[in-house]
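Note sheet for the following structure.
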Amino acid sequence: MPSLTLSEITYYRSQLADYPDAIAALDEIIVCDGDLDDAAINLALTVGQSPDRTDWLEGLAKRYRVEICQENLTNELSEGHIIPVINHLMNTKKIPDILVLPIILYVLKTGVDDFCSPLKLKLT
């Protein structure tokens, strides 16, 4: 179960002050004691989605793997730069803005390379 510490939340809050949906997501993560899965489920309910399992955030992130794992974005994430990825995902309008940060944090916590590796496998 991926989670954030209070110091990580504080760090992201300072970086994302211009992103009200990201701040709202961080507030929910605090309410959920740092648990990304619980926070994502609560946020999804607020935008009318119906999470149906406990690993819902993992499944949600996987749905956007192709978007997230573009080489330029994985390079940004690998260097700890989340704002370009947030901007990209918000601009696609494929996902509610309030869920973008939990997805990105999930990818960071599980490891960018591990998350994107299924797209790099070649069939032989």
(request) For the stretch 60-72, take each phi angle, set θ = phi - 60°, evaluate the Karplus expression 6.51 cos²θ - 1.76 cosθ + 1.60, and give the result in whole Hz per residue in order, putting x for glycine and proline. (result) 5, 4, 5, 5, 10, 4, 4, 5, 5, 8, 5, 3, 5
(request) Taking the dipole about the Cα centre of the chain, with the C-beta of Lys and Arg at +1 and of Asp and Glu at -1, give me whichever of Ser7, Gln70, Val85 is farthest to the positive side. (result) Gln70
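Is the shape of the stretch 1-72 rounded, prolate or oblate, going by the alpha carbon gyration tensor and its root eigenvalues a ≥ b ≥ c, with a/c under 1.5 for rounded and a/b larger than b/c for prolate?
Working: a/c = 1.59, a/b = 1.15, b/c = 1.38.
Oblate is the answer for the stretch 1-72, as a/c is 1.5 or above yet b/c matches or exceeds a/b.
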(request) Give a residue-ordered list of calculated ³J(HN,Hα) values for the stretch 83-88 (Karplus: 6.51 cos²θ - 1.76 cosθ + 1.60, θ = phi - 60°; whole Hz; x for Gly, Pro). (result) 4, x, 6, 4, 4, 4
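Assign unit charges at the C-beta atoms only (+1 for Lys and Arg, -1 for Asp and Glu), then state the dipole size of the stretch 6-120 relative to its Cα centre in Debye, rounded to the nearest 20. If you can, show how the numbers build up before the last one.
Values: 9 positive and 19 negative charges, 82 e Å.
Taking the Cα centre of the stretch 6-120 as origin, the dipole is about 400 debye.
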(message) Starting from the 7 Å offset along Cα-to-Cβ, what nm value, one decimal, do you get for the label separation of Val47 and Met1?
(response) 2.3
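For Thr10 and Asp113 in one chain, what is 0.36 nm times their gap in residues minus the Cα-Cα distance, to one decimal in nm? Mind dumping the intermediate values first?
Details: separation 103, 0.36 × 103 = 37.08 nm, distance 2.51 nm.
Residue separation times 0.36 nm, minus the Cα-Cα distance, leaves 34.6 nm.
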(request) Please list, in chain and number order, the residues 5+ apart from Asp35 or on another chain whose amide H is under 5 Å from its amide H, with Hs placed from the backbone. (result) Leu4
(request) Give me the percent of Cα-Cα pairs in the chain that sit more than 19 Å apart, rounded to a whole number. (result) 44
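Throughout, read-outs are computed from the coordinates displayed, never taken from laboratory work. Quick caveat: nothing in here was measured; it's all calculated off a predicted structure. A quick note on method: Cβ atoms are made from the backbone with ideal geometry, for glycine too, and the neighbour counts reach across all protein chains shown.
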